[in-house]
Every structure is written in structure tokens, then in C-alpha cells.
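Asker: Have a look at the structure that comes next, please.
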There are 2 protein chains.
Amino acid sequence: MSDDQSPVIATARRAQEAATRLAPLPRTARDAALSAIADALTARTDQITAANAEDVKRARDAGTPEAVVDRLALTPERIAAIAADVRDVVALPDPVGEVLRGSTLPNGLELRQVRVPLGVVGIVYEARPNVTVDAAALCLKSGNAVLLRGSSSAYASNSALVAVLRDALESAGLPADAVQLVPGEGRESVRELMRARGLVDVLIPRGGASLIKTVVAESTVPVIETGTGNCHVYVDEHADPDTALRILVNSKAQRPSVCNAAETVLVHAGIADGFLPRAAEALREAGVTVHGDAAWQAADPHVLPATDEDWASEYLSYDIAAAVVPSLDAAVAHIRAWTSGHTEAIVTSDTAAARRFTALVDSTTVMVNASTRFTDGGQFGFGAEIGISTQKLHARGPMGLPELTSTKYVVTGDGHIRE
Amino acid sequence: MSDDQSPVIATARRAQEAATRLAPLPRTARDAALSAIADALTARTDQITAANAEDVKRARDAGTPEAVVDRLALTPERIAAIAADVRDVVALPDPVGEVLRGSTLPNGLELRQVRVPLGVVGIVYEARPNVTVDAAALCLKSGNAVLLRGSSSAYASNSALVAVLRDALESAGLPADAVQLVPGEGRESVRELMRARGLVDVLIPRGGASLIKTVVAESTVPVIETGTGNCHVYVDEHADPDTALRILVNSKAQRPSVCNAAETVLVHAGIADGFLPRAAEALREAGVTVHGDAAWQAADPHVLPATDEDWASEYLSYDIAAAVVPSLDAAVAHIRAWTSGHTEAIVTSDTAAARRFTALVDSTTVMVNASTRFTDGGQFGFGAEIGISTQKLHARGPMGLPELTSTKYVVTGDGHIRE
């Protein structure tokens with residue numbers, strides 16, 4: 001099926017062999033390798049920053065905006081922070097070997113369902129080189145080999161980081177091929193990765209909506225969709241207005257560039273008269289432009305008119321779409337029609353409303369009287385996050401280490417046969 | 001993205017609407033509908049057998065082998081058994097609403113990860129009409145709407161069964177569109193189903209290898225691969241020969257036509273001299289033809305020569321491939337090279353061998369001193385089975401009701417915002 005001559009396929013084969021060697025290793029071996037990686041990142045900081053300087057220069061020469069260049073840049077402080085994150089991963093509980101179900105069957109067979117590594121995890125990502133180390137650390141902790149396909153703009157940085165990681169793995173007695181960069185900078189190498197079914201166990205695209213859409217449409221390797229967030233805040237008829245304002249402004253403006261920021265606010269008609277002018281003002285004071293329906297426009301002269309494009313938008317900016325809805329069910333219908341399925345919040349003091357909203361909304365996370373900004377592996381106490389899955393199979397919501405595993409049934413008898 | 005004019009897409013949209021109505025229903029409502037279905041199947045047996053007679057006549061007229069016709073045929077006894085299976089599903093624990101994780105975060109937010117229905121489940125299947133009812137019952141129990149795409153040879157039977165199911169749903173106050181046949185008998189309707197991403201949450205192909213391969217390669221809807229089983233029995237150097245013979249013959253010959261039957265036996269060289277002649281004879285007595293390597297051919301004159309095709313074969317017949325291996329690791333390497341990842345068994349009295357085999361084999365189920373035939377939802381005590389997943393994402397091994405669910409995080413605060 002696969003082209004044996006392809007360097008991408010050859011890389012995937014080496015990853016699979018490395019995964020076979022990783023699978024039986026106990027936690028101590030994997031943790032020792034991660035500690036070696038953290039040490040090596042610190043020890044070889046100069047080498048990493050030198051490689052990074054090439055990427056930064058290339059980006060500046062190409063006229064890249066300084067904000068984007070800043071995301072690309074690695075300073076000694078940032079490398080120290082990346083190394084500290086790796087040490088945090090060492091301290092996390094080991095997902096591998098956890099027994100999820102277990103019973104002794106009536107015939108005496110002992111049944112156990114045990115967590116095992118997935119095998120080979122492919123990560124396709126854009127932008128920041130810190131993802132290279134973060135993703136590798138989480139995959140290694142969970143016993144997986146990882147194939148990293150970063151953006152060409154960070155190629156020198158990623159190559160230097162992966163060289164450090166591979167040396168550290170070898171020094172700890174683990175196969176270097178457990179961490180590999182996917183060769184080639186063009187689209188063709190991503191395409192080959194997406195077709196490496198049987199060699200790559202899962203592909204996780206991290207980046208913009210168009211990258212994710214391409215991978216989902218073209219991959220025969222199973223994919224976990226991550227990260228697009230058209231999140232809603234619904235202010236119920238029975239909401240305390242002060243609480244609603246606080247949650248709304250925080251959900252939108254605390255950090256607008258991330259996937260768990262709110263992009264639309266829906267307000268119940270029963271509370272709109274008093275609430276809309278206050279909300280429009282509070283949002284404006286937070287620097288937010290409101291794109292509203294007729295009711296919002298009537299409530300505040302600064303509100304711009306909203307179109308279907310606004311309901312569909314993941315702005316990732318100081319903009320918010322705003323509508324008044326006649327009922328909770330209408331709010332749910334609006335959300336179902338437009339959401340990316342990430343996070344929706346309800347603000348209400350009515351338990352029945354909270355319960356109905358929670359039951360009807362079909363997204364990874366429903367917030368009741370809390371900001372959408374809390375949907376995050378770190379905030380949820382998972383200690384680390386490989387991404388936020390917006391699909392329903394395998395993993396949904398913030399993905400920590402358990403989500404990077406599969407399971408295996410182990411059934412033990414003493415000569416049992418089926419009658 | 002999707003063609004709004006397509007009857008398949010229109011069906012999927014109705015399924016999605018029905019799923020929205022099913023999601024908030026409590027167990028009692030779903031169980032009442034299932035009981036109504038069981039009653040209706042019994043009450044309308046004549047109507048079902050009459051429709052089935054059309055399919056049977058058509059199959060006989062087309063010269064279908066009588067064994068296949070038998071699988072298609074529905075008698076009053078078989079319909080009663082199908083109704084009884086539905087009642088068994090009623091009695092199973094409700095997966096929906098189960099809290100999988102829960103904690104109070106340091107800031108006081110209450111975090112719960114709750115099982116929820118997947119939404120719309122598509123089943124593409126061949127052959128037996130009993131799958132129509134089994135699959136619908138499991139999907140309804142787990143709160144899902146189901147789209148059924150059976151084979152054209154059972155079209156009249158499936159149509160009659162689905163009519164009974166839909167009437168029973170309506171009589172119980174549930175949306176009839178929670179159970180629908182996918183319109184059209186051609187390949188095009190399967191293709192549309194596979195492209196209905198966003199409307200269909202998961203596709204489960206049940207049937208032959210070629211159907212499964214097509215769905216996996218062409219579907220943009222997430223797929224759960226099921227059922228191909230090239231299963232191995234490895235007889236370790238430290239195996240009790242009598243136990244090994246019993247497990248080998250049972251794994252192969254107790255029911256050769258199913259996916260958990262053994263297709264290859266691997267024997268450690270250290271035990272081969274005494275074991276091979278006995279095994280060849282025992283298999284022959286059970287009616288099994290052995291396709292062996294040189295060692296097996298030397299041990300018994302009836303053994304036929306094996307080629308790579310034999311190692312790859314899922315015979316589903318009274319045939320078995322057989323080889324001698326120099327070590328446990330060589331057995332594992334053979335298995336990794338040829339297995340479909342379903343079930344592998346080791347027979348050994350050596351705990352270290354059992355442990356190493358269990359750790360290195362990468363399949364849904366590892367049997368230690370037990371027949372491969374035990375990999376089955378019913379045997380595992382799950383009470384029901386929608387199929388056996390041979391993939392690593394979402395579900396692996398026998399799939400019961402929990403595997404037909406996703407999860408949702410519900411986070412409750414009292415005005416929490418992120419600082």
C-alpha cells in the first residue's frame with residue numbers, strides 16, 4: 001500500500017520499531033529519559049538559540065510581523081521554561097498499565113482492560129517551536145513514538161530541538177527514533193503522513209482551521225480534530241446581571257486569541273432591556289467591538305450589524321457577535337446551528353435552566369456560571385494538554401496523557417476452552 | 001458541503017434531529033421504547049416473515065447457496081429470539097450519564113466528565129437481518145439515533161423490521177426517525193453516508209474485509225473498524241502439551257467461521273519435536289487441514305506447504321497455518337508482521353513468558369492459557385456487542401454499550417472567571 005521508497009514512510013517505519021521497543025518499558029525508564037531531555041535542553045541552550053536565530057532572521061527578512069516573530073523566538077529563559085515543563089511531565093501519573101476494567105468471569109477467566117500506548121503519534125503543527133518539545137514529552141511519557149511535522153518557518157529550531165531530544169533518549173538507553181522530524185518541508189510530506197495507515201496510529205493536527213480541515217478530509221490515518229472554538233455565552237432570563245457581565249467580559253476579553261475565548265453572546269429576551277446597554281458598555285470598555293442583531297443595535301449606538309458570517313466566526317480578536325433569543329431552547333438551537341462544538345456557557349440562577357442547557361448542548365464542555373476560558377487541560381488539573389479535541393470519538397475536550405493511550409484486554413486462564 | 005437534495009443526506013438530517021430529542025431522555029423512556037419494540041416484534045411476526053419470504057425467494061431464484069439462504073431466513077422462533085435479545089438489552093446498565101471523572105478544582109469549580117450519546121450512528125452491514133434489530137436496540141439504549149444500511153438481499157426483511165421498530169418508537173413517544181433505513185440499494189448511497197461528516201457521528205462497517213477496507217479508505221465520517229481476525233496461538237517452550245492441544249483445537253475448530261477463531265499456530269522449537277506430531281494428528285482428527293513450514297511438514301505427512309499467503313490468511317474454515325519459531329520474540333515478530341490485531345493466545349506455564357508476550361503483542365486481546373474464542377462481548381460479560389473493534393482509537397476489542405457513547409465535561413461555578 002505504502003511507497004517503500006518514500007523517506008516519510010521510512011521514518012514512520014522506524015517510529016513503529018521504536019514504539020515496539022518503548023511499549024514494554026516501565027515508567028522509570030521513560031521518566032529517566034524525560035529527565036535527560038530536560039537536562040540536555042538546558043545544557044545545549046546555546047546550540048538551540050543559534051539555530052533559532054536562523055529562523056528568526058529568515059522570518060524578519062521575509063517581512064513577517066513582529067508578533068509572529070516573537071512566537072517563533074527562543075530565548076534562554078524560554079528554553080528553561082520548556083525544560084521545566086518537561087520536568088512537570090515527569091511528575092505526572094503514568095497512564096500506561098492502568099487497569100480500567102477488571103473482573104473474574106463466571107468460568108474463572110480473569111479479565112483485565114489495561115491502558116497501553118497508542119504506538120506512533122503524528123503531530124502536524126504550525127508556528128511555535130515549543131510544541132516540538134511539549135508534544136514529544138507527552139508522547140514519550142505515555143509510551144508512544146512521535147512523528148513531528150512542524151512548520152517550515154521553524155525548521156532550523158525544530159531540527160536543533162529534535163537533535164537534542166534524540167541524543168538524550170540514546171543517553172538514557174531509549175531508541176532515538178522514538179522522536180523524529182518528518183522529512184521534507186512541502187505539502188507532499190504531510191500527504192504521505194496522512195496515508196501511512198498501519199504505520200501511524202493517530203494524527204493530531206494543531207493549528208489553523210484550514211490545516212485541520214485538510215487533514216480531516218484527506219487522512220486515512222485516524223485523526224483527532226483539535227482546537228477550533230466558536231464558543232458561546234448564554235445569559236439566561238434568570239441570570240444575575242453582575243455575574244453575567246463578569247463572565248461575559250472574561251470569556252471574551254481575558255485572552256481573545258485562544259480557542260476557549262467566547263465569540264458570541266446570546267441574551268434571553270426577558271432580561272435584554274436592562275442587560276444589553278450595560279453589556280454593550282462593559283464590552284466596549286474592555287476594547288471589544290459588538291456585532292449585534294437589531295435588539296443589540298437598538299440598545300447601543302456603537303453596535304455594528306451582525307450577519308450570518310458573524311455567527312459562524314471564530315474571531316480570535318476583540319470582536320463578539322451578539323443576539324437576543326426568545327427562550328433557552330432558541331439559544332440552544334442557535335448554538336447547535338453555529339458552534340464548532342468546543343465550549344458553551346450558561347449564566348443562570350435557575351437550576352432547571354442549567355440542567356436543560358447542559359443536557360441539550362452538544363459540545364465538549366458546558367460551563368454553568370463560569371467563564372468559557374476554563375476549558376483547558378491545565379485548568380482542569382490534567383497537568384498537561386496535547387490539544388482540545390472537538391470530535392466525539394476517542395477523546396473529547398482537553399486531552400491529557402490518558403487520551404494518548406489505547407487499551408488492551410488481557411485474559412488469563414489455566415487451559416480454558418469454549419464449550 | 002453536503003448535497004441537500006440527496007435522500008441519504010435528508011435521512012441523516014432527520015436522524016440528527018431525532019438524536020437531539022433522544023439526548024435528554026432518561027433511561028426509563030429509552031427502556032420503555034425498547035420494551036415496546038420487543039412486544040411489537042412478537043405481535044407482528046407474520047408481517048415480518050411474509051416480507052422475509054420475498055427475500056428468501058429472491059435469493060433461491062438467484063441460486064444463492066442454501067447455507068447463505070439459511071442465514072437470511074427469519075422464522076417465528078428466530079423472531080422470538082431477536083425480541084428476547086432486545087429485552088436483554090433493556091436490562092443492561094445505562095451507559096448514559098455515568099460520571100467518568102469528577103473533582104472539585106482548587107478554585108472551587110466542580111468538574112465532571114459525563115458519558116453522553118454519540119448522536120447518529122451509521123451501521124453498514126451485510127447478510128443477516130437480525131443485525132437490524134440488534135444494532136438498533138444497542139444504539140437506542142445508548143441514546144443514539146441509528147442509520148441502517150443493510151444488504152440489498154435483505155431489503156424486504158429490513159424494511160419490515162424497521163417499520164415495526166419505528167411504529168413501536170412512536171407508540172412509546174420517541175421520534176420514529178431515531179431508526180431509519182438508508183434509502184437506495186446501490187453503492188452511491190453508502191458513499192453519501194461516508195461523506196456525511198457533521199451529520200453522522202460514526203460509521204461502523206460490519207461485514208467482509210472488502211467492505212471494511214472501502215469504508216476505512218473513503219469515509220470522512222469517523223469509522224470504527226471491526227471484525228477481521230487473523231488470530232494466533234503461540235505454544236511456548238514451557239507449555240503443558242495437553243493444555244496446548246486443547247486450547248489449539250478449541251481455538252481453531254470449535255467454530256471456524258468466526259473472527260475469533262485461530263488461523264495460525266506458532267510452536268517454540270524447544271517443544272516442537274514431541275508436540276508437532278501430536279498437534280498435527282489432533283487437528284486432523286478435528287477435521288483441520290494444516291498448512292505448515294518445513295518443520296511441520298517433516299513432522300507429519302499430511303501437512304501441506306505454507307506460503308506467505310497462508311500467514312496472511314483469515315481462512316474462516318477448517319484450515320490453519322503452522323510454523324516453528326526459535327523463540328518467544330520470534331513468535332511476537334511473526335504475529336506483528338501478519339496479524340490483523342484481533343486476538344493472540346500464548347500457552348505457557350512460565351510467568352516471565354506470559355508477561356513478555358502480553359507486553360509485546362499489540363492486539364485487542366491477549367489470551368494467556370485460554371482459547372482465542374473467548375474474545376466476545378457476551379463472554380466478557382458485556383451483555384451485548386455491536387462488533388469487535390480492531391483499531392486503537394475510541395474502542396478496542398469487544399464493543400458494548402459504553403463504546404457507543406462519547407463524553408462531555410460539565411463545569412459548574414458561581415460566577416468563576418479566569419484571572
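Asker: Could we say that A:GLU344 is in a loop (DSSP other than H, G, I, E, B), more than 7 Å from chain B (Cβ to nearest Cβ) and within 21 Å of the chain's Cα centre (by Cα) here? Spell out how you get there, then give the answer.
Answerer: Numbers: in a loop (DSSP other than H, G, I, E, B): no; more than 7 Å from chain B (Cβ to nearest Cβ): yes; within 21 Å of the chain's Cα centre (by Cα): yes.
No; evaluated as a whole, the condition is false for this residue.
Asker: Tell me which of these A:GLU237 doesn't satisfy, since it passes every other one: (1) touching a strand residue (DSSP E or B) at 6+ places or on another chain (Cβ under 6 Å); (2) more than 28 Å from A:TYR315 (Cα to Cα); (3) modelled with pLDDT of 95 or more; (4) not in a helix (DSSP H, G or I).
Answerer: A:GLU237 satisfies every listed condition except (2).
Asker: Could you list all residues from region B:96-116 that are crowded, with 19+ Cβ neighbours inside 10 Å and more than 10 Å from every other protein chain (Cβ to nearest Cβ)?
Answerer: B:VAL96, B:ARG115
Asker: Oh, and also: Within the bounds of region B:330-337, is there any residue that is assigned to a loop (DSSP other than H, G, I, E, B) and on the phi < 0 side of the Ramachandran plot?
Answerer: If we filter region B:330-337 for residues that are assigned to a loop (DSSP other than H, G, I, E, B), which is where we start, we get none.
Looking for residues that are assigned to a loop (DSSP other than H, G, I, E, B) and on the phi < 0 side of the Ramachandran plot, one finds none in region B:330-337, hence no.
Asker: What helices (runs of 4 or more DSSP H) lie completely within region A:94-199 and have 1 or more residues being over 18 Å from A:ARG14 (Cα atoms) and of a type in the set (Phe, Trp, Tyr)?
Answerer: Values: elements: A:130-141, A:155-171, A:187-194.
By residue number, A:155-171.
Asker: Exactly one condition in (1) open to solvent by less than 10 Å² (accessible area, probe 1.4 Å); (2) within 18 Å of A:ILE388 (Cα to Cα) is false for A:ASN130; which is it?
Answerer: (1)
Asker: Can you run down the residue pairs with Cβ atoms below 8 Å, 6 or more apart or on separate chains, where the first is in region B:119-140 and free of Cβ contacts under 8 Å to residues at least 24 places away in the same chain and the partner is open to solvent by 10 Å² or more (accessible area, probe 1.4 Å)?
Answerer: none
Asker: B:ALA286: among the aliphatic types (A, V, I, L, M), under 26 Å from the mean Cα position of the chain (by Cα), open to solvent by less than 60 Å² (accessible area, probe 1.4 Å) and in the same structural domain as B:ALA370 (by TED's automatic domain parsing), yes or no? Steps first, please.
Answerer: Details: among the aliphatic types (A, V, I, L, M): yes; under 26 Å from the mean Cα position of the chain (by Cα): no; open to solvent by less than 60 Å² (accessible area, probe 1.4 Å): yes; in the same structural domain as B:ALA370 (by TED's automatic domain parsing): yes.
Judged against the criteria, B:ALA286 is not a match.
Asker: Could you please let me know if A:GLU66 is among the acidic types (Asp, Glu) and modelled with pLDDT under 95?
Answerer: Details: among the acidic types (Asp, Glu): yes; modelled with pLDDT under 95: yes.
Against the criterion (among the acidic types (Asp, Glu) and modelled with pLDDT under 95), A:GLU66 qualifies.
Asker: Take the conditions modelled with pLDDT under 95 and closer than 25 Å to B:PRO95 by Cβ and apply them to B:GLY397. Does it pass?
Answerer: Taking the combined requirement at face value, the residue does not satisfy it.
Asker: Check off (1) of a type outside the set (Asp, Glu); (2) open to solvent by less than 30 Å² (accessible area, probe 1.4 Å); (3) closer than 25 Å to A:ALA50 by Cβ for A:GLY122 and give me the number that stays unchecked.
Answerer: (3)
Asker: Related question: Return the residue satisfying two criteria in turn: it lies in region A:364-377 and is part of a loop (DSSP other than H, G, I, E, B) and free of Cβ contacts under 8 Å to residues at least 40 places away in the same chain, and of such residues it is nearest to the chain's Cα centre (by Cα). Lay out the reasoning, then the answer.
Answerer: Here is the first cut: in region A:364-377, the ones part of a loop (DSSP other than H, G, I, E, B) are A:364, A:371, A:375-377.
Checking the rest, the ones that are also free of Cβ contacts under 8 Å to residues at least 40 places away in the same chain come to A:364, A:377.
Numbers: A:THR364: 12, A:GLY377: 9 Å.
Checked region A:364-377; the qualifying residue nearest to the chain's Cα centre (by Cα) is A:GLY377.
Asker: Taking the options A:ASP414, A:ASP376, name whichever one is under 30 Å from B:ASN260 (Cα atoms) and either facing chain B (nearest Cβ under 7 Å) or open to solvent by 20 Å² or more (accessible area, probe 1.4 Å) (or both). Even if it seems obvious, please write down each step before you answer.
Answerer: Details: A:ASP376 fails: under 30 Å from B:ASN260 (Cα atoms).
Result of the check over A:ASP414, A:ASP376: A:ASP414.
Asker: Restricting to region A:347-371, count the residues that are touching a strand residue (DSSP E or B) at 6+ places or on another chain (Cβ under 6 Å) and at the interface with chain B (Cβ under 9 Å from one of its Cβ atoms).
Answerer: Of region A:347-371, the ones touching a strand residue (DSSP E or B) at 6+ places or on another chain (Cβ under 6 Å) are A:347, A:354, A:357-358, A:361, A:363-370.
With the extra rule that they be at the interface with chain B (Cβ under 9 Å from one of its Cβ atoms), the set shrinks to A:347, A:354, A:358, A:361, A:363-370.
Qualifying residue count for the region: 12.
Asker: Residue check: is A:ASP177 acidic (Asp, Glu), more than 13 Å from every other protein chain (Cβ to nearest Cβ) and within 21 Å of the chain's Cα centre (by Cα)?
Answerer: Numbers: acidic (Asp, Glu): yes; more than 13 Å from every other protein chain (Cβ to nearest Cβ): yes; within 21 Å of the chain's Cα centre (by Cα): no.
Spelling it out, it is not the case that A:ASP177 is acidic (Asp, Glu), more than 13 Å from every other protein chain (Cβ to nearest Cβ) and within 21 Å of the chain's Cα centre (by Cα).
Asker: Still on this model: Can you pull out the residues in region B:257-267 that are within 13 Å of chain A (Cβ to nearest Cβ) and surrounded by fewer than 24 Cβ atoms within 10 Å (Cβ to Cβ)? If you could, list the steps in order and put the result at the bottom.
Answerer: At the first step, the residues of region B:257-267 found to be within 13 Å of chain A (Cβ to nearest Cβ) are B:258, B:260-262.
Selection gives B:VAL258 alone.
Asker: Looking at region B:385-407, which of its residues are at positive phi and more than 9 Å from every other protein chain (Cβ to nearest Cβ)? Please lay out each step first, then the result.
Answerer: Pass one, region B:385-407, residues at positive phi: B:387, B:394, B:397.
Passing the criteria: only B:GLY387.
Asker: Is it the case that B:VAL215 is more than 22 Å from B:ALA33 (Cα to Cα) and at pLDDT 90 or above? Even if it seems obvious, please write down each step before you answer.
Answerer: On the way: more than 22 Å from B:ALA33 (Cα to Cα): yes; at pLDDT 90 or above: no.
No; evaluated as a whole, the condition is false for this residue.
Asker: Can you give me the number of residues within region B:197-244 that are more than 21 Å from the chain's Cα centre (by Cα) and more than 13 Å from chain A (Cβ to nearest Cβ)?
Answerer: Count: 4.
Asker: Filter region B:367-378 down to the residues that are within 13 Å of A:TYR409 (Cα to Cα) and not hydrophobic (A, V, I, L, M, F, W, C) and list them by number.
Answerer: Residues satisfying the conditions are B:THR372, B:THR375, B:ASP376, B:GLY377.
Asker: Going by what's in this entry, would A:ASP310 be described as modelled with pLDDT of 95 or more and surrounded by fewer than 19 Cβ atoms within 10 Å (Cβ to Cβ)? Break it down stepwise before answering.
Answerer: Working: modelled with pLDDT of 95 or more: yes; surrounded by fewer than 19 Cβ atoms within 10 Å (Cβ to Cβ): no.
For A:ASP310, the condition - modelled with pLDDT of 95 or more and surrounded by fewer than 19 Cβ atoms within 10 Å (Cβ to Cβ) - is not met.
Asker: Conditions: (1) out of contact with any Asp or Glu (no Cβ under 8 Å at 6 or more places or on another chain); (2) closer than 19 Å to B:LEU118 by Cβ; (3) in contact (Cβ under 8 Å) with a residue 60 or more places away in the chain. B:ALA36 meets all but one. Number of the miss?
Answerer: (2)
Asker: Among (1) over 22 Å from B:SER389 (Cα atoms); (2) touching a Leu at 6+ places or on another chain (Cβ under 9 Å), there is one condition A:ILE417 misses while meeting the rest; what is its number?
Answerer: (2)
Asker: List every residue pair whose Cβ atoms lie under 9 Å apart, where the two residues are 6 or more positions apart in sequence or sit on different chains, the first residue falls within region A:308-329 and is within 26 Å of A:GLU237 (Cα to Cα), and the second residue, located anywhere, is among the basic types (Lys, Arg) and open to solvent by 60 Å² or more (accessible area, probe 1.4 Å).
Answerer: Qualifying pairs under 9 Å: A:LEU328/A:ARG356; A:ASP329/A:ARG356.
Asker: Test each condition in (1) closer than 24 Å to A:GLN113 by Cβ; (2) of a type in the set (Ser, Thr, Tyr); (3) at pLDDT 95 or above for B:TYR318 and report the one that comes out false.
Answerer: It is condition (1) that B:TYR318 fails.
Asker: Suppose we keep only residues that are surrounded by fewer than 15 Cβ atoms within 10 Å (Cβ to Cβ) and small (Gly, Ala, Ser) within region A:36-53. Which one would you say is nearest to A:VAL146 (Cα to Cα)?
Answerer: Per the stated criteria, the residue is A:ALA43.
The values are calculated or read from the model by the stated rules, or taken from the named source; none is laboratory data. As the structure is a prediction and not an experimental result, all values here were calculated from the model. Cβ atoms come from the backbone with ideal geometry, glycine included; neighbour counts cover every protein chain shown. All accessible areas refer to the heavy atoms of the entire protein, side chains included, with ligands and DNA or RNA removed. Shrake-Rupley method; radii C 1.70, N 1.55, O 1.52, S 1.80 Å.
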